[in-house]
Amino acid sequence: AGQDMWGGRFSSKPADIMQAINVSIGVDQRLWSQDLAGSRAHCRMLIKQGIIGAADGEAILGGLETIEGEIRGGSFPFRDSFEDIHMNVEARLSELIGEPSGRLHTARSRNDQVATDFRLWVRDACDRTGHQLVALQKALLGRAEQHAGDLMPGFTHLQTAQPVTLGHHLMAYVEMFGRDASRFADARKRMNENPLGAAALAGSPFPIDRHATAADLGFDRPMANSLDAVSDRDFALESLAAASITAGHLSRLAEEIVVWMTPMFGFASLPDDLTTGSSIMPQKRNPDAAELVRAKTGRILGSFVALSTVMKGLPLAYSKDMQEDKPPVFEAFDALDLALTAMTAMVAALIPNTERMAAAAGAGFSTATDLADWLVRELNLPFRKAHHVTGAAVKMAEGKGVGLAQLSLSELQSLEPGVTEAIYKVLSPEASCASRQSFGGTAPEQVRARIADWKSRLK
Ligand code: ARG
């Protein structure tokens, strides 16, 4: 059992509770492929440096190959008695090849081993997430292109503000998810250094080659301080921070889908296969997937809080507290994976009710700002004065139960004598959108130009 690895100075077996609190194989078996990669790189380096003999080294590499086959085939015996993935692999190696297995751990500790395995896992997770973000961006781009000229109300305070296009609205998320992807790419760059060879904490007296294992594992360089190498988990925290921000963006989009799907808004629906019904209310069609995407944010941000709390008071170097680093990271990336995949499916399948959106875009006096701007531009009114006149026009229209464009010329002239027929041209939501040609504005030409930029960037 586990104490075979370190039992020399012990006279009794661990108590059941010692083993129960200490065991992590149920969680860290997910690191198996990273653990095998790290062991192979370490073994090849030991052979090359003449630290172990070639025959022993070949036996070890052969045994690791067999273990990989067993794990892939589902026959590998994961055993609680061996605490974690590292000891499970080493124990099995010993059963498979006998004595030479004992040489693999030369110039290595589980401290640098686990730091290496975990870094490799988080690096892969960041890469995977980056690809999923691009897939989501592409789905949004496709929909934005389709609806680059379709009107919807733009909101502030969730009150009608100014007309925008649905394409413009969707492209806002393309920008957000683009920054999210760049955060993962940036975190990857910083984390891509090799902890292996830090050994327990102080480095190794053996003539190891940390540059060689770095190259073998795709790291840019060895970490420069052995204490730091086995102690820090900032790479995991940084990835969880990026995951939390991404989850926040997903949550906002999910919230909008939920709101759009309420019958009161009626802006969009989802096909049956992406909604659920109610067991009591026959009329219901619920956006559960969007709600769960919104809710996953709690788990993901919670994981960041959990791990930073584990790490914050630990003296250098390794403490067993750090074994608690894996559950939050696995949980967060599992949740993010689901959320990104579900969101991509919803974006691709969303059925916008463009008529209803367009009608709402023109309601709520959404072109009041355009009216005020016209007074400034054509009559040279100070903006504050124009704002006041427009407010009076809104009040008048509201009192009559009509829109701004339904006020007669003489009614408008009663508020500002200089008003002419030409003012009606700026009062439609189409004109309002089309006029916003500033870079990044909602005019369909602008939206299409940004879509083209992103398409070439994501190619
Ligand atoms: N299971 C441990 C972890 O995940 C491996 C490292 C153990 N190191 C030690 N010194 N006990 O952190």
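The values are calculated or read from the model by the stated rules, or taken from the named source; none is laboratory data. Just so it is clear, the structure is predicted and the values come from calculations on it, not from any experiment. All Cβ positions, even for glycine, are placed from backbone atoms using ideal geometry, and neighbour counts span all protein chains on display. We work out accessible area using only protein heavy atoms, side chains counted, and drop any ligands, DNA or RNA first. Shrake-Rupley method; radii C 1.70, N 1.55, O 1.52, S 1.80 Å.
Tabulated results
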| quantity | calculated |
| --- | --- |
| Cβ-Cβ under 7 Å pairs, at least 6 apart or on other chains, region 82-104 side touching a residue at least 40 places away in the same chain (Cβ under 8 Å) and in a helix (DSSP H, G or I), far side within 16 Å of the ligand (Cβ to nearest atom) and among the charged types (D, E, K, R) | Ile85/Asp28; Ile85/Asp35; His86/Asp35; His86/Arg110; Asn88/Arg79; Val89/Asp35; Ser101/Glu90 |
| Selection within region 224-242 - open to solvent by 10 Å² or more (accessible area, probe 1.4 Å) and part of a loop (DSSP other than H, G, I, E, B) | Ala224, Asn225, Asp232 |
| Residue list for region 184-221, restricted to those being open to solvent by 20 Å² or more (accessible area, probe 1.4 Å) and not in a loop (DSSP other than H, G, I, E, B) | Ala185, Asp186, Arg188, Lys189, Arg190, Glu193, Arg210, His211, Ala212, Ala215, Asp216, Arg221 |
| Residues that are hydrophobic (A, V, I, L, M, F, W, C) and either surrounded by fewer than 22 Cβ atoms within 10 Å (Cβ to Cβ) or in contact with a strand residue (DSSP E or B) (Cβ under 7 Å, 6 or more places away or on another chain) (or both), drawn from region 326-345 | Phe330, Leu338, Ala342, Ala345 |
| Of all residues making up region 416-436, the number that are surrounded by fewer than 14 Cβ atoms within 10 Å (Cβ to Cβ) and either aliphatic (A, V, I, L, M) or touching a residue at least 24 places away in the same chain (Cβ under 8 Å) (or both) | 3 |
| Residue check, Gly362 farther than 30 Å from Val230 by Cα, touching a Pro at 6+ places or on another chain (Cβ under 7 Å) and of a type outside the set (Phe, Trp, Tyr) | yes |
| Selection count, region 67-81, where residues are open to solvent by less than 20 Å² (accessible area, probe 1.4 Å) and in a loop (DSSP other than H, G, I, E, B) | 1 |
| Matching option when the condition is out of contact with any Cys (no Cβ under 9 Å at 6 or more places or on another chain) and within 20 Å of Pro163 (Cα to Cα), among Leu371, Leu415, Leu409, Leu379 | Leu371 |
| Checklist (1) within 30 Å of Ser428 (Cβ to Cβ); (2) within 16 Å of the ligand (Cβ to nearest atom) applied to Gln146, failing item | (2) |
| Residue check, Arg299 farther than 30 Å from Ala199 by Cα, among the charged types (D, E, K, R), in a helix (DSSP H, G or I) and free of Cβ contacts under 8 Å to residues at least 40 places away in the same chain | yes |
| Within region 82-126, considering residues that are basic (Lys, Arg) and within 14 Å of Leu64 (Cα to Cα), the one farthest from the ligand (Cβ to nearest atom) | Arg103 |
| Residue within region 350-367 that is within 16 Å of the ligand (Cβ to nearest atom) and modelled with pLDDT of 95 or more present | no |
| Number of positions in region 158-171 that are over 26 Å from the mean Cα position of the chain (by Cα) and over 18 Å from Leu350 (Cβ atoms) | 5 |
| Residue check, Ala135 under 30 Å from Ala254 (Cα atoms), open to solvent by 20 Å² or more (accessible area, probe 1.4 Å), part of a helix (DSSP H, G or I) and small (Gly, Ala, Ser) | yes |
| Elements of type helices (runs of 4 or more DSSP H) contained in region 1-61, each with 2 or more residues being free of Cβ contacts under 8 Å to residues at least 40 places away in the same chain and open to solvent by 80 Å² or more (accessible area, probe 1.4 Å) | 16-22 |
| Residue match in region 322-330 (condition: part of a helix (DSSP H, G or I), acidic (Asp, Glu) and within 16 Å of the ligand (Cβ to nearest atom)) | yes |
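To keep it simple, each residue is scored yes or no on (1) open to solvent by 50 Å² or more (accessible area, probe 1.4 Å); (2) closer than 25 Å to Met171 by Cα.
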site	(1), (2)
Arg356	yes, yes
Ala360	no, yes
Leu381	no, no
Lys385	yes, no
Ser414	yes, no
Ser438	yes, yes
Glu445	yes, yes
Ile451	no, yes
Lys455	yes, yes
